[in-house]
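K.L.:
Please read through the structure below; I'll follow up with questions.
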Amino acid sequence: MFTHGDAMLCLARIRAKDAYLMEHSMNVAILLANFGRYLGLERSVLRELTLGGLLHDVGKIMTPDEVLNKPGKLTDEEFDVMRQHVVHSHDILIATAGITPTMLEVATNHHERLDGTGYPRRLKGEQLSLHTRMSAIVDVYDAVTADRVYKRGMQPTQAFRILLKGADHHFDRVLVTKFIKCMGVYPVGTLVQLSNQRLAVVMQRNEQQPLKPVVKVIYHATQRHYLEVQWLDLARSGVQETIENTVDPKEFGINLAHFV
């Protein structure tokens, strides 16, 4: 607040506009900070990326609610209105004290794509900086994994497939690969089914053996009841259980917030 007071006040406007918009902004900020740390970026850059993530969608406070929260597919006219949010973000932030070029870049360019099909300026190739390429990946990942009133979010592994499918034309393939490694094959907080039909929450990644994270066992999938919580390191010698697949917690009525 002392160094970026005006920028932080923009967050209050985001929260007043829409609760999901605030949640998405927070998630993008956290993911950018984590991704940047994984890439070895300097702390000062991480700070700017985090603030840029917090404010990247501030322009949506100017987007009409009926467009912003429309559950179905947007019409061409509505999509034109939606795309204006990055222009609004640029205009709001350029007039805000304490905003740095990196923060402005994240807000203005996170919808640009490598092949020039993005917006608002149809930048492509080398015109997209590292921060822009990172922001594009992170923004899409959080958008498709988030639960909305009108749709259920994808599992992280499904989101990874979308990013990989878009590599080389929408997203930087090298960065997508590094983002997946940064998040882990099974990101922290993912519900997985073990080979013995027990369900567990991923608690710690294992960089040496990505398929064998540390998990917290909480539920039996076939018997449909909670278990006494047990921490389990799948990479530990003697452990027989393996991960079979990821699971949507809603299928079992599990609130992961109670266990993470």
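K.L.:
Here are several values of percent of Cα pairs over 33 Å apart: [x] 22; [y] 26; [z] 36. Which one was derived from the coordinates shown?
P.N.:
This structure yields the entry labelled [y].
K.L.:
Right, another one. Quote to one decimal, in nm, the extra length available between HIS220 and PHE79 on full extension: 0.36 nm per residue of separation minus the C-alpha distance between them. Please list the in-between numbers first.
P.N.:
Values: separation 141, 0.36 × 141 = 50.76 nm, distance 4.42 nm.
Value of the extension gain: 46.3 nm.
K.L.:
Please compute the net charge surrounding ALA12, taking Lys and Arg as +1 and Asp and Glu as -1 over other residues with Cβ under 13 Å from its Cβ. Please list the in-between numbers first.
P.N.:
Numbers: positive: ARG13, ARG15, LYS17; negative: ASP6, ASP18.
Charge balance in the 13 Å sphere: +1.
K.L.:
Then there's this: Using +1 at the C-beta of Lys and Arg and -1 at the C-beta of Asp and Glu, which of ALA16, ALA146, GLY59 has the Cα lying farthest in the positive direction of the dipole of the chain?
P.N.:
Comparing the listed Cα positions along the dipole, ALA146 ranks first.
K.L.:
OK, next. When the label point is put 7 Å from the Cα of ASN69 along its Cα-to-beta-carbon vector, which residues of region 112-150 have a backbone N closer than 15 Å?
P.N.:
It comes to 148-150, nothing else.
K.L.:
Further question on the same structure: What FRET efficiency comes out for GLU251 versus SER44 if R0 is 41 angstrom and r is the Cβ-Cβ distance? Round to the nearest 0.05. Spell out each step's value before the answer.
P.N.:
Numbers: r = 44 Å, r/R0 = 1.06.
So the FRET efficiency works out to roughly 0.40.
K.L.:
So which aspartates and glutamates pass the test for LYS151, namely a Cα distance under 18 Å, with those fewer than 8 places away in the same chain ruled out?
P.N.:
Straight-distance partners of LYS151: ASP18, GLU23, ASP65, GLU66, ASP139, ASP142, ASP248, GLU251.
K.L.:
Something else about it: In a shell of Cβ-Cβ distance under 13 Å around TYR38, excluding TYR38 itself, what net charge do Lys and Arg (+1) and Asp and Glu (-1) give? Write out the running numbers ahead of the final one.
P.N.:
Values: positive: ARG37, LYS178, LYS181, ARG205; negative: GLU207.
That works out to +3.
K.L.:
Sorted by packing (mean other beta-carbon atoms within 10 Å per residue), highest first, where do 18-30, 229-241 land? All intermediate terms of the calculation are to be shown ahead of the outcome.
P.N.:
Numbers: 18-30: 18.2, 229-241: 11.7.
So the order, starting with the most tightly packed, is 18-30, 229-241.
K.L.:
Would you work out what percent of the accessible area of the chain, with all protein chains in place, is carbon or sulfur (probe 1.4 Å)? Write out the running numbers ahead of the final one.
P.N.:
Values: 7080 of 13260 Å².
Carbon and sulfur atoms account for 53 percent of the accessible area of the chain.
K.L.:
About the Cα centre, and with charges only on the beta carbon of Lys, Arg (+1) and Asp, Glu (-1), how big is the dipole of region 116-197? Nearest 20 debye, please. The partial results should precede the final answer.
P.N.:
Values: 12 positive and 6 negative charges, 35 e Å.
The dipole magnitude comes to about 160 debye.
K.L.:
How big is region 1-73 by the Kirkwood estimate over distinct Cα pairs, in Å?
P.N.:
Details: mean 1/r = 0.0762 Å⁻¹.
The answer is 13.1 Å.
K.L.:
If you count only protein heavy atoms with a 1.4 Å probe, what accessible area per residue comes out for region 133-233, rounded to a whole Å²?
P.N.:
On the way: 4820 Å² over 101 residues.
Dividing the accessible area of region 133-233 by its residue count gives 48 Å².
K.L.:
Hey, another quick one. Sorted by packing (mean other beta-carbon atoms within 10 Å per residue), highest first, where do 92-99, 107-114, 171-178 land?
P.N.:
Numbers: 92-99: 15.2, 107-114: 23.6, 171-178: 17.5.
Packing order, densest peptide first, comes out as 107-114, 171-178, 92-99.
The values are calculated or read from the model by the stated rules, or taken from the named source; none is laboratory data. Given the structure is predicted, the values throughout are model-derived calculations rather than measurements. Cβ: placed from backbone, ideal geometry, glycine included. Neighbour counts: every protein chain shown. Accessible surface areas use protein heavy atoms only, side chains included; no ligands, DNA or RNA. Shrake-Rupley method; radii C 1.70, N 1.55, O 1.52, S 1.80 Å.
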